[in-house]
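The values are calculated or read from the model by the stated rules, or taken from the named source; none is laboratory data. Small disclaimer: the values here were computed from a predicted structure and weren't measured. Here the Cβ positions follow ideal geometry from the backbone for every residue, glycine too, while neighbour counts run over all protein chains shown. The accessibility values were calculated without ligands, DNA or RNA, using every heavy atom of the protein model including side chains. Shrake-Rupley method; radii C 1.70, N 1.55, O 1.52, S 1.80 Å.
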Amino acid sequence: MKTRTRVILTTVAALLLLGAAIGAGLNAVFTVTNVSAQFTTCSEQGDADAAVLKQKLDAFVGKSTTFLDLDDVRAVVAEYPHFRVEEAKKEMPSTVRLTVSERKETFALPRSDGKFDILDEEGLFITTSEENVNRAKGENILLTGDFRLSVSEDGTVSGKYYPEFLTVISAFADALKEVRANVVSVALDSPTSDGLNDSFVCVMREGVVVIIRDPLRQAAEKADMVIARYLSLKDEERIYGYLSVTELDGGELRCDYMREDYLH
């Protein structure tokens with residue numbers, strides 16, 4: 001009986017040792033040895049932050065690939081609000097691969113305390129700043145007038161005409177490439193309770209003012225028309241006057257250039 005018990009204990013011990021050996025072997029194979037992070041940046045500060053962030057991400061080297069939670073990796077990137085994770089994945093057995101991009105500061109929303117909420121190119125909140133100066137050492141597009149925008153805890157921005165504004169600015173960006181270089185500010189002008197009289201008033205860098213009337217209707221089409229007309233202006237025409245795009249009866253659009261100041 002003692003012999004049988006001794007055999008059983010010996011067998012169990014051998015199995016445990018075998019299991020431990022297999023576990024150690026698997027752990028050696030499925031261990032992070034490389035965190036491959038590819039960064040896309042748009043500023044010198046972004047380059048510097050990317051270098052620091054890469055060092056922090058290297059702390060995951062030596063962790064178990066199998067049990068590593070990618071949300072923990074994303075949380076490290078989230079400590080830097082100017083960056084977002086485009087893709088995060090494990091490449092078994094030993095690599096964690098990340099694609100990270102810098103969020104371009106594009107819009108500045110004035111606050112009641114004199115500071116600015118800075119928004120990215122998609123219109124999402126990044127951070128609050130004492131002044132309207134972006135990481136590329138230029139100014140962001142100032143949002144003024146009757147927008148009455150608010151920022152939620154998750155960074156989403158909402159307010160009157162905001163979706164239509166993003167549609168318009170997207171069309172501008174497609175045509176201008178670097179929209180901050182051409183657009184100084186965008187105001188929502190709501191002079192009456194009738195939405196038909198509402199307008200986006202865009203002050204361009206050279207001085208001409210671009211007006212999109214009744215932006216709830218055909219916002220994308222109006223933006224395409226007026227920005228094409230803006231690009232066709234002569235240099236001397238861009239420094240003064242205003243461009244106005246309007247919907248006529250029947251839905252047809254018309255864009256006019258007026259050689260005079262735009263008065264609200």
Selection count where residues are outside any loop (DSSP other than H, G, I, E, B) and touching a Leu at 6+ places or on another chain (Cβ under 7 Å), scope the stretch 190-210: 3
Enumeration of residues in the stretch 160-175 that are of a type in the set (A, V, I, L, M, F, W, C) and either open to solvent by 20 Å² or more (accessible area, probe 1.4 Å) or on the phi > 0 side of the Ramachandran plot (or both): L166, A173, A175
In the stretch 206-219, the residues that are under 15 Å from A173 (Cα atoms) and either touching a Pro at 6+ places or on another chain (Cβ under 9 Å) or exposed (fewer than 13 other Cβ atoms within 10 Å of the Cβ) (or both): A219
Sole residue being touching a strand residue (DSSP E or B) at 6+ places or on another chain (Cβ under 6 Å), open to solvent by 70 Å² or more (accessible area, probe 1.4 Å) and under 30 Å from C202 (Cα atoms), chosen from E44, E87, E105, E121: E121
Enumeration of residues in the stretch 38-93 that are more than 18 Å from K104 (Cα to Cα), in a helix (DSSP H, G or I) and touching a residue at least 40 places away in the same chain (Cβ under 8 Å): L57
Candidates A187, A220 - the one that is of a type in the set (A, V, I, L, M, F, W, C), outside any loop (DSSP other than H, G, I, E, B) and touching a Gly at 6+ places or on another chain (Cβ under 8 Å): A187
